[in-house]
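The values are calculated or read from the model by the stated rules, or taken from the named source; none is laboratory data. Quick caveat: nothing in here was measured; it's all calculated off a predicted structure. Here Cβ is always computed from backbone atoms with ideal geometry, including for glycine, and neighbour counts include all displayed protein chains.
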Amino acid sequence: MRFLPSTEQRDFAAGLDALLAASDVPAAIRARAGGDPAPVRALWRRLAASDVFALGCPERFGGTGLMPVELALACVELGRHAVPGPLAETFAGSVLLDDTGAADESGRWLAQVVHGEAVLTLALPVNGPYAPDADLADGLLHVDGETLYAAEPPGQGLPSLDPARRLFRPSGGTLLAAGPRVTESAAHAAEVAVLCTAALALGTGRRLLAGTVEYVGSRVQFGIPIGGFQAVKHRLADVLLQLEFAEPLLYAAALGLRDRSPGAGRDLPAAKAACGEAGYAAARAALQLHGAIGYTDEFDLSLWIRRARVLRSAWGTPSACRRAVLTGHVTAQKSTTGPLVR
């Protein structure tokens, strides 16, 4: 099995990294948190120009069809730059519409998703009753049993630890599809969402580690940079090891999903657990080593710290993912501490 990306895949990731580095993503996050979605919309359109949203859309609407490996590579970069919005849900929602045949009725969404003009979000039973960022979405997909609905976002939603994220509980709506095929398609969409969330968590952890290494190399205490202290070195080395061990699990899961291998049911939750825990470990280390500045709103890295906590629980808490590894089925489960951690 080949885990190294091809030259074309590396160039795609590098181009995406360069685009996002020039896009002032923290400003878009703060605008979204303040109620202004325009910068996020503009950012999604720039991403669409790099064919990011084509990766989960069918070819007849201008997409490439589902490409799990490229999707994982893209989501690592999106996580590295903390791009706001329901990314995993948009990718999974595109797959859900295509698999159920509902794309024929809502193809206008998928054609617009490819060009960054439409945002999707969804609520699936395996992930609890909430759909993130429904106020930002053009299409809110809701699966209830064997029925797929297009719902309207109710009320103002609930807050999240991530300031750029809101949670909504949809119900009913316009019927898009019904029958056993909806249940099967929802399970496949959940797999895509788990893969994307794992990749986002890994990218978030990479950015947190890089920012913390840079900080401890410049922060001086007792006349030397604190990065020279053995305890600090060991803490950061532990985080690096977690991230390094999580990465091959992510790409193994992507390959399994691409090839529909029998082991995909265990590879996906294993990747989600490892990437989520690694990203969260990077956030804890970043917060401790930055001190009080690490949780101030004015400090950009605090946006990644809070995002890591949310991604750890979204689309499968670590305990739920470990249970799924044992059973061989992707069974995301909402956290028992409630929606604020989502």
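What are the residues in segment 94-143 that are hydrophobic (A, V, I, L, M, F, W, C) and either within 14 Å of Gly56 (Cα to Cα) or not assigned by TED's automatic domain parsing to the domain that holds Ala38 (or both), if any?
Result: Val95, Leu96, Leu97, Ala103, Trp109, Leu110, Ala111, Val113, Val114, Ala118, Val119, Leu120.
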Boolean, Gln230 is in the same structural domain as Gly328 (by TED's automatic domain parsing), of a type outside the set (Phe, Trp, Tyr) and at pLDDT 90 or above | no
Does at least one position in segment 270-284 carry a residue that is at pLDDT 90 or above and more than 21 Å from Ala82 (Cβ to Cβ)?
-> yes
Assuming Ala324 fulfils every condition listed in (1) assigned to a helix (DSSP H, G or I); (2) at pLDDT below 95; (3) under 26 Å from Gly34 (Cα atoms) apart from one, which condition is it?
-> (3)
Those residues of segment 151-204 which are surrounded by 19 or more Cβ atoms within 10 Å (Cβ to Cβ), small (Gly, Ala, Ser) and in a strand (DSSP E or B) amount to Ala151, Ala177
Filter result for the condition that a residue is touching a helix residue (DSSP H, G or I) at 6+ places or on another chain (Cβ under 9 Å) and over 20 Å from Leu255 (Cα atoms), over Glu59, Glu105 | Glu105
Condition test on Leu148, is it modelled with pLDDT of 90 or more, surrounded by fewer than 23 Cβ atoms within 10 Å (Cβ to Cβ) and either in the same structural domain as Asp98 (by TED's automatic domain parsing) or in contact with a His (Cβ under 8 Å, 6 or more places away or on another chain) (or both)?
-> no
Return only the number of the condition from (1) of a type outside the set (Lys, Arg); (2) under 28 Å from Gly65 (Cα atoms); (3) in contact with a Ser or Thr (Cβ under 6 Å, 6 or more places away or on another chain) that Ala271 does not satisfy.
-> (3)
Would you be able to say whether some residue in segment 71-79 is part of a loop (DSSP other than H, G, I, E, B) and of a type outside the set (Gly, Ala, Ser)?
-> no
When only residues in segment 18-64 that are among the charged types (D, E, K, R) and within 20 Å of the chain's Cα centre (by Cα) count, which is surrounded by the most Cβ atoms within 10 Å (Cβ to Cβ)?
-> Arg32
Among the residues of segment 283-302, is there at least one that is crowded, with 18+ Cβ neighbours inside 10 Å, within 26 Å of Leu257 (Cβ to Cβ) and touching a residue at least 12 places away in the same chain (Cβ under 8 Å)?
-> no
Is at least one residue of segment 36-46 in the same structural domain as Arg166 (by TED's automatic domain parsing) and either at positive phi or in a loop (DSSP other than H, G, I, E, B) (or both)?
-> yes
Test Leu200 against the criterion of being touching a strand residue (DSSP E or B) at 6+ places or on another chain (Cβ under 6 Å), of a type in the set (A, V, I, L, M, F, W, C) and touching a residue at least 40 places away in the same chain (Cβ under 8 Å), and give yes or no.
-> no
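Working carefully through the options Thr212, Thr174, Thr197, find the one that is outside the structural domain of Ala131 (by TED's automatic domain parsing) and under 22 Å from Asp98 (Cβ atoms).
Answer to the selection: Thr197.
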Being of a type in the set (Phe, Trp, Tyr), in a helix (DSSP H, G or I) and in contact with a helix residue (DSSP H, G or I) (Cβ under 6 Å, 6 or more places away or on another chain), is that true of even one residue in segment 87-101?
-> yes
